[in-house]
């Protein structure tokens, strides 16, 4: 397993070893010691989630704030997504910067997203099974969002506008500027 830094502070790409033979394959998807050695602190994941999305689905941007902020370890079990994160930590040198990375069942890569980031993804394959670990429990009152189509972020989701499938909730998320104004 190799762990590589991304352009955003404290966010990492994890590339597990894949062992293949005539029977199929084996992947060790998580090993606490390896990640903690790079992070310099212990992460205690307490909840696993999984979603199934059809082509064109865009989920995000989502985050939880305050005492219920979450670090996440995300991966694709089946299919392909464009994973997108935004650093929303005002003290970070990469504050307000975004990073995009393709996760799929071919590369088996994962993305570690620390607390204080907004997260979203678009489904590039016919169907995608997306799985992720969280280090804090979901709390509806702490849930926040940012518009997936925010003009200042200008994210290319890899999906033509007329094929984008977005939930009503995500269509009503505030812009990045509006979200940041709530922090003041």
Could you list log10 I(q)/I(0) for region 102-172 at q = 0.12, 0.13, 0.26 Å⁻¹, which the Debye formula gives when each Cα is one point scatterer? -0.42, -0.49, -1.51
A convex hull over the alpha carbons of region 50-118 yields, per residue, a volume in Å³ of 91 Å³
Please arrange 125, 25 by how many other C-beta atoms lie within 10 Å of their C-beta, fewest to most. 25, 125
Between region 61-101 and region 30-47, the Cα center-to-center distance that results, in Å: 17 Å
Equivalent ellipsoid dimensions for the chain as semi-axes, Å, which come from the Cα gyration tensor, largest first: 26, 21, 14
Restricting to the chain, compute how many DSSP beta bridges are antiparallel as a %, nearest 5. 95 percent
Using only the Cα atoms of region 1-99, what semi-axes does the equivalent ellipsoid have when each is the square root of 5 times a gyration tensor eigenvalue? Give whole Å, largest first. 25, 19, 14
Which of the peptides 80-86, 56-62, 163-169, 7-13 is most tightly packed, and how do the rest follow, judged by the mean count of other Cβ atoms within 10 Å per residue? 80-86, 56-62, 7-13, 163-169
Where does the chain land at 222 nm, in deg cm²/dmol rounded to the nearest 500, when only DSSP H runs of n ≥ 4 count, each adding -39500 (n - 2.57), divided by all residues? -2500 deg cm²/dmol
Which residue fluctuates most in the GNM of the chain (Cα springs below 10 Å): 146, 159, 14? 159
What three numbers, in Å, describe the spread of the alpha carbons of region 1-58 along their principal axes, ordered from the longest? 36, 34, 26
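Looking only at Cα atoms, what is the convex hull volume of region 29-84 per residue, in Å³?
Numbers: hull volume 6.7 nm³, N = 56.
Measuring per residue, one finds 120 Å³ for the Cα hull of region 29-84.
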Using a Gaussian network model of the chain with C-alpha springs under 10 Å, which one of 152, 94, 123 is most mobile by mean-square fluctuation? 152
How high is the relative contact order of region 44-183, in percent, counting Cα pairs under 8 Å that sit 6 or more residues apart? 37 percent
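Laboratory data are not the source of any read-out in this text; all were calculated from the coordinates shown. Predicted model only: the values in this text are computed from it and were never measured. Using ideal geometry, Cβ is built from the backbone for each residue, glycine included, and neighbour counts are taken over all protein chains shown.
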